[in-house]
Amino acid sequence: MKNRIFMIALLSGVMTVSCQKKDTPISGGNKEVIALEQKDTVKTESTKETKAKEEMAKLPKPYHPEENAEEKLSELQKEAQKENKKIMIQAGGNWCIWCLRFNNFVQSTPELKELVDTNYLYYHLNYSPENKNEKLFAKFGHPEKFGFPVFIVLGKNGKVVHIQDSSVLEEGKGYSLEKVKAFFTKWK
């Protein structure tokens, strides 16, 4: 029996459907069992997809594809110099459930929100089909290679201080309070 895995890219994430194919014909009842197993797998994945879409619909959408990110970051750099803060860029998009989860996690966790508000000017850099902000991503060394969200810490002078892959901050279907707090504390 050969296992075949098909990856279907979805706006809300990736859904994996596993199908089995025999090299030899299957007789009678086995075809029905395999068909039911495949139907159940697709149904389960469809339920997960529906839940993810429902979750995404409820989360705030902090990214603005229509915004001129270069101008916005120039303004933030001036403000960062005046306030003696660093700039924390969360790159991603409203299509990315992990990006939305992170934003919601920080905004709804008082100690994280305070840590961010005290030490950083926070910016959501959009990456989507409508606006990939290619010049900025190139300027920052193409951090999108890590996936999304990805974090770019800029000094008050606008220079990259650190790029952080978000996967190390994850825990289950969310983020670890301790890891996120340590990340924000380390780079303030």
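Derivation of every value follows stated rules applied to the coordinates shown; laboratory data play no part. Because the structure is predicted, anything quoted here is derived from the model rather than measured. Backbone-built Cβ (ideal geometry, glycine too); neighbour counts: all protein chains shown.
Assign unit charges at the C-beta atoms only (+1 for Lys and Arg, -1 for Asp and Glu), then state the dipole size of segment 52-181 relative to its Cα centre in Debye, rounded to the nearest 20.
Dipole of segment 52-181, to the nearest 20 debye: 240 debye.
Filter the cross-link list LYS61/LYS186; LYS85/LYS139; LYS51/LYS139; LYS156/LYS186 down to pairs whose alpha-carbon distance in this structure exceeds 25 Å.
Details: LYS61/LYS186 27 Å; LYS85/LYS139 21 Å; LYS51/LYS139 37 Å; LYS156/LYS186 16 Å.
With Cα atoms farther than 25 Å apart: LYS61/LYS186; LYS51/LYS139.
Using a 10 Å cut-off around each Cβ, can you sort MET88, MET56 from fewest to most neighbouring Cβ atoms?
Details: MET88 24, MET56 18.
Fewest-to-most Cβ neighbours within 10 Å comes out as MET56, MET88.
List the GluC sites (Glu not before Pro) within segment 65-133 that fall in a DSSP loop (any state other than H, G, I, E or B) and whose Cβ has at most 13 other Cβ atoms within 10 Å.
Working: sites: GLU66, GLU67, GLU70, GLU71, GLU75, GLU79, GLU83, GLU111, GLU114, GLU130; in loops: GLU66, GLU67, GLU130.
Qualifying residues, ordered by number: GLU66, GLU130.
Taking segment 152-186, which trypsin sites (Lys or Arg not before Pro) meet the DSSP loop condition and have no more than 16 other C-beta atoms within 10 Å? It would help to have the intermediate numbers written out before the result.
Working: sites: LYS156, LYS159, LYS173, LYS179, LYS181, LYS186; in loops: LYS156, LYS159, LYS173.
Passing both the DSSP loop test and the Cβ count: LYS159, LYS173.
Shape of segment 69-186 from its Cα gyration tensor (a ≥ b ≥ c, root eigenvalues): rounded if a/c is under 1.5, otherwise prolate when a/b > b/c, or oblate? Show your work: numbers first, answer last.
On the way: a/c = 1.71, a/b = 1.11, b/c = 1.54.
Oblate is the answer for segment 69-186, as a/c is 1.5 or above yet b/c matches or exceeds a/b.
On a full-extension model of 0.36 nm per residue, what is the gain between GLU134 and LYS48, subtracting their alpha-carbon distance, rounded to one decimal in nm? Don't jump to the answer; show the numbers that get you there.
Working: separation 86, 0.36 × 86 = 30.96 nm, distance 3.21 nm.
Full-extension gain reported as 27.7 nm.
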